[in-house]
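Notes follow once the structure below has been shown.
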Amino acid sequence: MARKKSPLAIQVEYQSIRGLLKLFQTLPFSASKALCGRLLQLLLFVLSKRRRLVEANLRACFPGRPDTYYAELGERSTAYLARGLASFSRIPLMDAQTMEDTVEIQGFEHLREAFAKGKGAITFTAHYGFWELMAIYVTRIYPKVSMVVRPLDNPMLDRLVMSIRGSGGGGVIDSKRVFKEGIRHLRANGLLGVLIDQNFHKGGVFVDFFGRPAATSTLVPILARRTGCTLLPMHNVWLGDRIRIICEPPVELSSNPDAHRAIEEDTQKLTSIVERWVREDPAQWLWLHNRWKRIPSSSDSQADGSETNAPHRSGLGLQLSGEKKNNQNQDDEPDAATRIVTPSTAVRPGRQSSDERQDENDN
């Protein structure tokens, strides 16, 4: 279990990161990118376990390539991440014109059509490209937009990051309250942004991701089925120092009459879309994360239906259509099988609760 940070550690961490963000804002952008790149390279040199994880992930997902391929891909991925960090510090300084000059959009007619239906929409995405700017841009141009986030374990740093994320005017829904508040938001014709590409510590289902079983939250398809909202794939790609945000046509949910299998098939479909994005330009995905950390056990469910003992499916049952079950309120959150793994964090498997600790090995 991760130890609680002392007040001194919180202050040191906050002041260090706040100082770096201020420095990145002050320097010319080219210098800021270069500095971020050097700092990330130093960090990966010190954290050799994380560096080996990146290479192992790349080799597992793209087998049979020469060693130079993995080295170059890892370097490009680090460069994209450095560009994102340098750019993140400048988001509060962006006026409307700067934002428009930095972002181009594609497929936003699907968002307009979703709003016209009046049932809300979920845009699911991944840690790909410059996901932070994508979220803020969308909140600037559409009303009733909320992002699902998990508070950082440093409250001072959390307030700093939230101030940047909220600069577009959108709302934030804490991952601990996402089920109830997410349903309420969608029923008010809101737009809910969720990242779906992180290891899920407990519950959910295992789906195929690059030929390997990956523990994945089932929250998005459950919310879509409960509310009847539109489900939209959305990602972005770097184009030099600009980004293109791409909104794809709505995803059709599974028609499988077995509710459990339908949720599993939905989760696989969404994950396959993320895999397609990553294959288009692998360097733009966040390979530092240990996506395949959790290993299937005898009590886990997989999207192909294979299982040994009873799978982690609590909370799926008869509540998918929105009706009450026993004395539970229809908007109460189900168990860990549906809880979301939130942007930029991951959760330790095993004993600790899903909403209390950040896993230092999964960031």
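Some points to look at:
- Filter result for LEU81 (in contact with an Asp or Glu (Cβ under 6 Å, 6 or more places away or on another chain), surrounded by 14 or more Cβ atoms within 10 Å (Cβ to Cβ) and not in a strand (DSSP E or B)): no
- Residue identified as farther than 22 Å from VAL237 by Cβ and either of a type in the set (Gly, Ala, Ser) or exposed (fewer than 13 other Cβ atoms within 10 Å of the Cβ) (or both) among LEU47, LEU27, LEU20: LEU47
- Unmet criterion (only one of (1) more than 21 Å from GLY204 (Cα to Cα); (2) out of contact with any helix residue (DSSP H, G or I) (no Cβ under 8 Å at 6 or more places or on another chain); (3) outside any helix (DSSP H, G or I)) for ARG279: (3)
- Residue in segment 47-66 that is under 27 Å from LEU192 (Cβ atoms), in a helix (DSSP H, G or I) and either acidic (Asp, Glu) or touching a strand residue (DSSP E or B) at 6+ places or on another chain (Cβ under 7 Å) (or both) present: no
- Any chance ILE243 is touching a Gly at 6+ places or on another chain (Cβ under 7 Å) and at pLDDT 50 or above: yes
- Scope segment 191-208; condition in contact with an Asp or Glu (Cβ under 7 Å, 6 or more places away or on another chain) and assigned to a strand (DSSP E or B); matching residues: VAL205, PHE206
- Being assigned to a helix (DSSP H, G or I) and either of a type in the set (Val, Ile, Thr) or free of Cβ contacts under 8 Å to residues at least 40 places away in the same chain (or both) is not true of ILE173.
- Listed by first and then second residue, the pairs with beta-carbon distance under 8 Å, at least 6 apart or on different chains, first residue in segment 27-55 and in contact (Cβ under 8 Å) with a residue 24 or more places away in the chain, second surrounded by 13 or more Cβ atoms within 10 Å (Cβ to Cβ) and acidic (Asp, Glu), are PHE29/ASP241.
- Test: THR271 is within 15 Å of the chain's Cα centre (by Cα) and farther than 25 Å from ARG112 by Cα: no
- Candidate set from segment 91-148 (those that are of a type in the set (Lys, Arg) and part of a helix (DSSP H, G or I)); member that is nearest to the chain's Cα centre (by Cα): ARG140
- Positions within segment 209-258 being part of a loop (DSSP other than H, G, I, E, B), touching a strand residue (DSSP E or B) at 6+ places or on another chain (Cβ under 7 Å) and among the polar types (S, T, N, Q), in sequence order: THR218
- All positions within segment 52-98 that are among the charged types (D, E, K, R) and within 20 Å of THR139 (Cβ to Cβ): ARG90, ASP95
- Residue match in segment 4-17 (condition: hydrophobic (A, V, I, L, M, F, W, C), loosely packed, with under 12 Cβ neighbours inside 10 Å and over 25 Å from the mean Cα position of the chain (by Cα)): yes
The values are calculated or read from the model by the stated rules, or taken from the named source; none is laboratory data. All values derive from a computational prediction rather than experimental measurement. Cβ sites come from the backbone with ideal geometry, for glycine too, and all protein chains shown count toward neighbours.
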